[in-house]
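Take a look at the structure set out below.
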Amino acid sequence: MSSQMHNAIFFNTYSLSERAISVVFGSDIDDSTLQQITQFNHTLHRKPFPGFYTTVPAYTTLTVFYDPLLVIQSDLPGTDCFDKVTHYLEQLKQHLAQDQPGLGKMITIPVCYGGTFGPDLKYVAASHGFTTDKVIDLHSSAIYKVYMIGFVPGFAYLGGMPEVLATPRLTTPRKAIPTGSVGIAGKQTGVYPLDTPGGWQLIGRTPLALFAASRSQPALLQAGDTIKFEPIPHHEFDLYRHHADTHH
């Protein structure tokens, strides 16, 4: 199989609304689909069509938003907005081989595991017959990919957690979870970027601000990024937070 065929991107499109089209890259949630979505999203932002507004990546789709008035007034081929945008997206595939892939950032997230920072760590460990150190080692040694952002601003849905750590959600969700809490729910792990209710098993907390409205890019994590968790001592939590605040 040639590298050109190997790198080929195939997708289907359907109209989501008069202002949006959903581009479906497949049905499997995996690294290959993530790479295709990230690369195509990167290229579309570099080569937008008239009326292009923004995109929202998800597990297997990329939703493309646009201004219908600007699209219909453009000289793109097609009789309506859906035809015009779909035709453009199909043509955009030809530029992918010459375009740089939209490789995400590599981000290390410091985490204080257990204790008051991770009140459910002991439960997670006991439910699998592990020590708490084993859970920390498994969770922090994995490499994670950000598949999409959702739920609340800056909340990243991650893939890559070791399956042996899969743990059911709490039977009764907490009314408030502190910002930066790292949790496990089923086969997923994630970090709460804001104070919010939630039912995930909390195993630690990061002093890193994953969302800050004052930043030019409020959400620290984006779809396509690679994440690594780094255990840090509890007494360093405030030091990390102070360092981040003073360098903002």
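Can you work out the base-10 log of I(q)/I(0) for the stretch 50-143 at q = 0.10, 0.12, 0.18, 0.20 1/Å, using the Debye formula on its C-alpha atoms alone?
-0.56, -0.65, -0.90, -1.04
Please give me, ordered by residue number, the trypsin sites (Lys or Arg not before Pro) of the stretch 137-204 that lie in loop per DSSP and have at most 12 other Cβ atoms within 10 Å. Walk me through the intermediate numbers first.
Numbers: sites: 145, 169, 174, 175, 187; in loops: 169, 187.
Passing both the DSSP loop test and the Cβ count: 187.
Protein chains only, probe 1.4 Å: how do 235, 95 rank by accessible area, largest first?
Working: 235 135, 95 80 Å².
Output order, biggest surface exposure first: 235, 95.
Given the options 150, 159, 204, state which has the largest fluctuation in a GNM of the chain using a 10 Å cut-off (strictly under) for Cα springs.
Highest fluctuation among the options: 150.
Explain nothing, just the number: relative contact order of the stretch 17-127, from Cα pairs under 8 Å at least 6 residues apart, as a whole percent.
Values: 126 pairs, mean separation 29.2, N = 111.
Averaging sequence separation for qualifying contacts and normalising by length gives 26 percent for the stretch 17-127.
As a test question: what accessible area, to the nearest 10 Å², does residue 170 have when a 1.4 Å probe is rolled over all protein chains in place?
40
With every protein chain left in place, what is the accessible area per residue of the chain in square angstrom, probe 1.4 Å? Spell out each step's value before the answer.
Details: 12940 Å² over 248 residues.
Here the residues of the chain average 52 Å² of exposed surface.
In the neighborhood of residue 132, defined by Cβ-to-Cβ distances under 11 Å, what is the net charge if each Lys or Arg adds +1 and each Asp or Glu adds -1? Could the numbers behind the result be given before it?
On the way: positive: 122, 134; negative: 120, 133, 137.
Here the charged neighbours net out to -1.
When Lys and Arg each count +1 and Asp and Glu each count -1, what net charge do the other residues less than 13 Å away from residue 10, Cβ to Cβ, add up to?
Values: positive: 93; negative: 28, 90.
After counting each charged neighbour, the total is -1.
Sort the stretch 161-201 into rounded, prolate or oblate with this rule: let a ≥ b ≥ c be the square roots of the eigenvalues of the Cα gyration tensor; rounded if a/c is under 1.5, and if a/c is not under 1.5, prolate when a/b is larger than b/c, oblate otherwise. Mind dumping the intermediate values first?
Values: a/c = 3.79, a/b = 1.49, b/c = 2.54.
Here the stretch 161-201 falls in the oblate category.
Of the listed values [x] 17.1, 53; [y] 18.9, 57; [z] 20.6, 64, identify the label whose number matches Rg and Dmax of the Cα atoms in Å calculated from this model.
[z]
Considering only protein heavy atoms, with the full assembly of protein chains and a 1.4 angstrom probe, order 16, 158, 194 by accessible area, largest first. Walk me through the numbers on the way to the answer.
Values: 16 90, 158 10, 194 55 Å².
Highest to lowest solvent-accessible surface, that is 16, 194, 158.
Taking the stretch 151-248, which chymotrypsin sites (Phe, Trp or Tyr not before Pro) meet the DSSP loop condition and have no more than 16 other C-beta atoms within 10 Å? The partial results should precede the final answer.
Numbers: sites: 151, 155, 157, 200, 211, 229, 237, 240; in loops: 151, 155, 200.
Here the sparse-neighbourhood loop sites are 151.
So, taking all protein chains as they sit and a 1.4 Å probe, how much accessible area belongs to residue 230, in Å² rounded to tens?
We get 80 Å² for residue 230.
Tell me the net charge near residue 192. Cut-off is 15 Å between Cβ atoms, residue 192 excluded, with +1 for each Lys or Arg and -1 for each Asp or Glu. Provide the component values of the computation, followed by the final result.
Numbers: positive: 169, 174, 175, 205; negative: 120, 195.
Residues close to residue 192 contribute a combined charge of +2.
How big is the stretch 182-226 by Rg and Dmax over its Cα atoms, in Å?
Cα-based Rg and Dmax for the stretch 182-226 come out at 11.6, 33 Å.
With springs only between Cα atoms under 10 Å, which of 71, 124, 111 fluctuates most in a Gaussian network model of the chain?
So, out of 71, 124, 111, the one fluctuating most is 71.
Within the accessible area of the chain, what % is carbon and sulfur when the probe is 1.4 Å and the other protein chains stay in place? Intermediate results must be reported in sequence, preceding the final value.
Numbers: 7160 of 12940 Å².
Accessible surface attributable to carbon and sulfur in the chain totals 55 percent.
If you rank 81, 112 by how much accessible surface each has, with a 1.4 Å probe, what is the order from largest down? Walk me through the numbers before you get to the answer.
Numbers: 81 20, 112 0 Å².
Listed by decreasing accessible area, they come as 81, 112.
Can you give the helix-only mean residue ellipticity at 222 nm for the chain, where every DSSP H stretch with n ≥ 4 adds -39500 (n - 2.57) and the sum goes over all residues, rounded to the nearest 500 deg cm²/dmol? Display every interim value, and only then the final one.
Working: 7 runs with 66 residues, N = 248.
Only helices count here, giving -7500 deg cm²/dmol.
Take the chain, connect every pair of alpha-carbon atoms lying under 10 Å apart with a spring to form a Gaussian network, then pick out the residue of 67, 75, 30 with the largest mean-square fluctuation.
Greatest mean-square fluctuation among the candidates belongs to 75.
The values are calculated or read from the model by the stated rules, or taken from the named source; none is laboratory data. Keep in mind it's a predicted model, so treat the numbers as computed, not measured. Positions of Cβ are backbone-derived with ideal geometry, glycine not excepted, and every protein chain shown enters the neighbour counts. SASA here: full protein model, heavy atoms, side chains in, ligands and nucleic acids out. Shrake-Rupley method; radii C 1.70, N 1.55, O 1.52, S 1.80 Å.
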